[in-house]
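Below you'll find the structure, written out as structure tokens, and then a few comments.
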Amino acid sequence: MSHKSTDLVHHPYVPPAGFLAPQPGVFKASTVIFANVAALRARDWRYKDGYTYGLHGTPTTFQLEERIATLEGGRHCVLVPSGLAAIANVDMALLAAGDEVLIPDNAYGPNKALAEGELKRWGISHQLYDAMNPDDLRARIGPKTRLVWLEAPGSVTMEFPPLARLAAVARERGVTTALDNTWGAGLAFDGFASGADVVVQALTKYPSGGGDVLMGSVVTRDDALHLKLKLAHMRLGFGVGANDAETVLRSLPSIELRYRAHDRAARALAGWLRQRPEIAHLLHPAFEGSPGHANWKALCTGGDAGGEGLAAGLFSVVFDERYASAQVDAFCDALRLFRLGYSWGGPVSLVVPYDIATMRDARLATWPNKGVLVRFSVGLEAVEDLRADLEQALGALSGAR
């Protein structure tokens, strides 16, 4: 007679198949059990026709991968622990010592920091290019260039580049392109139709929607390219927790509703701030006069003059240069509903002041370079309450010196 501890570990009961519910089940596993040795030896971790080890996928992560691939218009997806990990996965899968990667000067800062740090130490060089100028990219592509990063819009300064033209330049030279599509979230425009070979996203933002998950995705359409990314993914040991995958799966059905709500609120507040005398420049791709507005309009509205398109819930403003940094800091501190914090895409509105001069190559500057820049991420609060919060905080500008 066996002991109860053994009975509990090897209990024979198996629930009946056929259970269906609105949300997928959550499978937590490191070890995966095989029926026999033949099955163990025959299973191939590279494909989704079975399970080998928790790090290589479970029913929960496979479902999320397939749904993110659908969201982005791709065929294959791998999940990684963060948006930055997605960038690292691409770099380490496609670059080797002696290669070069080109990165937009206005790209997400940690993308550039990775190139300046680890990639440089591994013998991989990089150049920054002006994302608003395809000719600048063309001039910088050389015989060692193996990867070109794209991003739309630019991080913090929100310039919207001519994506298709940049991708075409890379394609002419036989260079792979990878697009950071976190802002677009697979909704504002089709990254693959714009010419990208790989599309990454920080699922931390709109797909999660709660400000409580760190995760990233790497999506491709090409089988051979996906296998390169998958092999690097395995060797790096990238994996995501089942409960985090569950959270994103639960949020995905509402992503378009939330994205549109963020967008509408952001446009309302951006339009109001643009009229304020304290604001010198509005940086929001959907507004005429913002850098790259015509590019956004062509891509995100399909060229429809009356189309509203999609533009996320993110924008920046540049304060009139008569306001010193300390005064702008006082404005940010005075906000009550907008909270100070990085990231975006969640229910809480956020604000961060930036010293852009320290973040950009002045030779490639396309942003208004006088005045302090502040970025807003608009959450899901009532627009009227957020506008009142902005108005009361603007009163702190004159009081601080």
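Bear in mind that the values in this text are calculations on the coordinates, not laboratory data. Model, not experiment: these values are computed from the prediction. Here the Cβ positions follow ideal geometry from the backbone for every residue, glycine too, while neighbour counts run over all protein chains shown.
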Failed item in (1) without any contact (Cβ under 8 Å) to a residue 60 or more places away in the chain; (2) surrounded by fewer than 24 Cβ atoms within 10 Å (Cβ to Cβ), with Leu137 passing the rest:
(2)
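Identify, from the list Ser254, Ser316, Ser325, the residue that is within 21 Å of Glu381 (Cα to Cα) and free of Cβ contacts under 8 Å to residues at least 60 places away in the same chain.
Details: Ser316 fails: free of Cβ contacts under 8 Å to residues at least 60 places away in the same chain; Ser325 fails: within 21 Å of Glu381 (Cα to Cα).
So the residue among Ser254, Ser316, Ser325 that is within 21 Å of Glu381 (Cα to Cα) and free of Cβ contacts under 8 Å to residues at least 60 places away in the same chain is Ser254.
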Scanning the range 164-184 residue by residue, those buried (at least 24 other Cβ atoms within 10 Å of the Cβ), touching a residue at least 60 places away in the same chain (Cβ under 8 Å) and closer than 21 Å to Leu229 by Cβ turn out to be Ala178, Asp180, Asn181, Thr182, Gly184
Select the helices (runs of 4 or more DSSP H) contained entirely in the range 4-89, then report the ones holding at least 2 residues which are closer than 30 Å to Leu179 by Cα and touching a residue at least 24 places away in the same chain (Cβ under 8 Å).
59-72
Keeping to the range 338-355, report how many residues are closer than 20 Å to Glu278 by Cα and not in a strand (DSSP E or B).
2
